[in-house]
Amino acid sequence: MESFPKVEMQNLVQRASTLMEALPYIRKFYGKVFVIKYGGNAMVDEKLKESFAKDIIMMRYIGMIPIVVHGGGPQIGRVLEKMGIESKFHQGIRITDETTMDVVEMVLVGNVNKQIVSMINQHGGRAIGLSGKDGHMMQAKKIPTEKVSKGTNANEIIDWGRVGQVTQINTGVLELLEKDNFIPVVAPVGVSDSGEALNINADLVAGALASALKAEKLILLTDIEGVKDASGKLISELGLEEAKGLIKKDVIQGGMIPKVQCCLDSLEGGVQSAHIIDGRVQHAVLLEIFTDKGVGTVVRK
Ligand SMILES: Nc1ncnc2c1ncn2[C@@H]1O[C@H](COP(=O)(O)OP(=O)(O)OP(=O)(O)O)[C@@H](O)[C@H]1O
Ligand SMILES: [Mg+2]
């Protein structure tokens with residue numbers, strides 16, 4: 001038998017031990033649901049897109065049940081800009097009038113969703129795209145108008161338009177897909193009782209799905225290391241009281257507000273753990289799932 005040079009053998013053994021490190025996690029997470037929100041840079045950069053797709057496929061092959069929910073803020077913004085329609089946000093949520101809703105549905109369901117489905121399928125997975133309308137999976141209602149209580153626009157009345165909040169998740173279609181080893185890719189568009197489309201922040205959709213499915217983990221990929229404190233330092237573990245305080249003090253702002261909020265809600269709803277991680281890191285999802293330390297911020301009750 002031809003023997004390996006010593007260094008090469010050491011490398012091989014090292015590789016085997018890296019693989020073995022994943023064993024307890026594979027055992028623990030077999031058959032468990034993972035809801036993963038895909039957004040920010042990870043959805044733009046080609047290398048990151050590929051590494052994300054491969055992570056999801058790998059999870060499915062080793063018996064985990066990943067469910068992908070995607071955002072698409074920048075993509076919607078670009079199309080609106082081309083159409084000469086201004087994007088308006090309040091507390092990180094897009095104010096959605098009728099025309100904007102048409103664009104949101106077109107871009108998210110017609111374009112972004114299909115791109116992700118195609119990318120997963122291209123790399124050997126079996127993905128199917130859904131919005132809340134499909135199989136009546138996600139019912140929603142409009143969020144009420146709101147009076148702004150702080151800042152320079154205090155007392156302004158905010159009409160969110162066609163922005164929704166999830167009222168019910170019907171898991172039937174997801175269970176059906178799971179039986180046949182499909183990976184669901186969910187666009188964050190809900191359906192109202194009267195059948196109209198409602199725009200829902202993707203983080204909140206991921207949180208609602210994770211609660212409805214009693215997921216093992218809710219993982220939110222974003223374009224930053226995780227949640228940061230007032231001095232800009234990464235917070236590895238964030239508790240309920242601290243989170244509330246940081247939102248109140250405006251340290252947690254914009255798009256990070258629904259993210260932290262949905263982590264807290266999902267934990268309340270029976271999800272085992274909730275994570276906000278850096279989608280700019282290749283294989284961020286696998287690192288989160290298969291290492292003790294994880295990456296980014298873990299939110300605790
Ligand atoms: N305390 C904070 N720590 C970290 N990021 C914060 C904080 N407060 C506000 N942010 C902002 O939140 C942003 C992340 O939310 P954002 O909605 O922009 O991205 P996303 O949800 O990952 O993507 P998308 O909305 O397109 O799906 C960060 O880029 C950062 O600018
Ligand atoms: Mg966001």
Explain nothing, just the number: dipole magnitude of the stretch 29-299 about its Cα centre with +1 on each Lys and Arg Cβ and -1 on each Asp and Glu Cβ, in debye rounded to the nearest 20. 220 debye
In deg cm²/dmol, rounded to 500, what helix-only [θ] at 222 nm does the chain give when every DSSP H run of at least 4 residues adds -39500 (n - 2.57) and the total is split over its residues? -11500 deg cm²/dmol
Of the accessible area of the chain, with the probe set at 1.4 angstrom, what percent is carbon plus sulfur? 52 percent
When only C-alpha pairs under 8 Å and at least 6 residues apart count, what is the relative contact order of the stretch 29-299, in percent? 24 percent
Show the residues, 5+ positions off or on another chain, whose built amide H is closer than 5 Å to the amide H of SER131. ALA187
May I ask you to evaluate 6.51 cos²θ - 1.76 cosθ + 1.60, the Karplus curve with θ = phi - 60°, for each residue of the stretch 75-83 and list the ³J(HN,Hα) values in order in whole Hz, giving x for glycine and proline? 5, 5, x, 5, 5, 4, 4, 4, 8
Skipping prolines and chain starts, which residues have an amide H placed within reach, meaning under 5 Å, of the one on LEU220, given they are 5 or more residues away or on another chain? LYS37, HIS275, ILE276, ILE277
Accessible area per residue, Å², the stretch 144-193 with all protein chains present, probe 1.4 Å: 55 Å²
Could you sort TYR38, TYR25 by their accessible area in this structure, using a 1.4 Å probe and putting the largest first? TYR25, TYR38
Added length on full extension, which subtracts the Cα-Cα distance from 0.36 nm per residue, TYR30 to GLN10: 4.2 nm
If amide hydrogens are placed 1.01 Å from N in the peptide plane, which non-local residues have theirs closer than 5 Å to the one on ILE67? PHE34, VAL35, ILE36
What accessible area per residue comes out for the stretch 224-301, rounded to a whole number of Å², with a 1.4 Å probe? 49 Å²
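By the gyration tensor of its Cα atoms, with a ≥ b ≥ c the square roots of the eigenvalues, what is the shape of the stretch 4-85: rounded for a/c under 1.5, prolate for a/b over b/c, or oblate?
Note, shape of the stretch 4-85 comes out oblate.
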Normalised by the number of residues in the stretch 145-301, what is the relative contact order in percent for Cα pairs under 8 Å and 6+ residues apart? 23 percent
Cross-link reach from LYS259 to aspartates and glutamates, straight Cα distance under 16 Å and at least 8 residues apart if same chain, gives ASP203, ASP223, GLU225, ASP229, GLU237, GLU241, GLU242, ASP250, GLU268, ASP278
Residue by residue through the stretch 103-109, what is 3J(HN,Hα) from phi via Karplus (6.51 cos²θ - 1.76 cosθ + 1.60, θ = phi - 60°)? Round to whole Hz and write x for glycine and proline. 5, 4, 5, 4, 6, 6, 7
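Sorted by average packing, counted as other Cβ atoms within 10 angstrom per residue and highest first, what order do 172-184, 209-221, 12-24 take?
In decreasing order of mean packing, 172-184, 209-221, 12-24 become 209-221, 172-184, 12-24.
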For the stretch 2-54 and the stretch 226-262, distance of Cα centres in Å: 29 Å
Of ARG280, ARG78, ordered by accessible area with the largest first and a 1.4 Å probe, the sequence is ARG78, ARG280
Which shape class, rounded, prolate or oblate, goes with the chain when its Cα gyration tensor gives a ≥ b ≥ c as root eigenvalues, a/c under 1.5 marks rounded, and past that a/b bigger than b/c marks prolate? prolate
Using θ = phi - 60° and the Karplus relation 6.51 cos²θ - 1.76 cosθ + 1.60, list the HN-Hα couplings for the stretch 7-14 in order, rounded to whole Hz, with x at every Gly or Pro. 5, 5, 4, 4, 4, 5, 4, 4
Give me the one-decimal nm value for the distance between modelled label points at ASP229 and GLN253, 7 Å along each residue's Cα-to-Cβ direction. 2.0 nm
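The values are calculated or read from the model by the stated rules, or taken from the named source; none is laboratory data. No experiment lies behind these values; they were computed from the predicted model shown. Note that we place each Cβ from the backbone using ideal geometry, even for glycine, and neighbour counts take in every protein chain shown. Note: accessible area is taken over every heavy atom of the protein model, side chains too, but ligands, DNA and RNA are not part of it. Shrake-Rupley method; radii C 1.70, N 1.55, O 1.52, S 1.80 Å.
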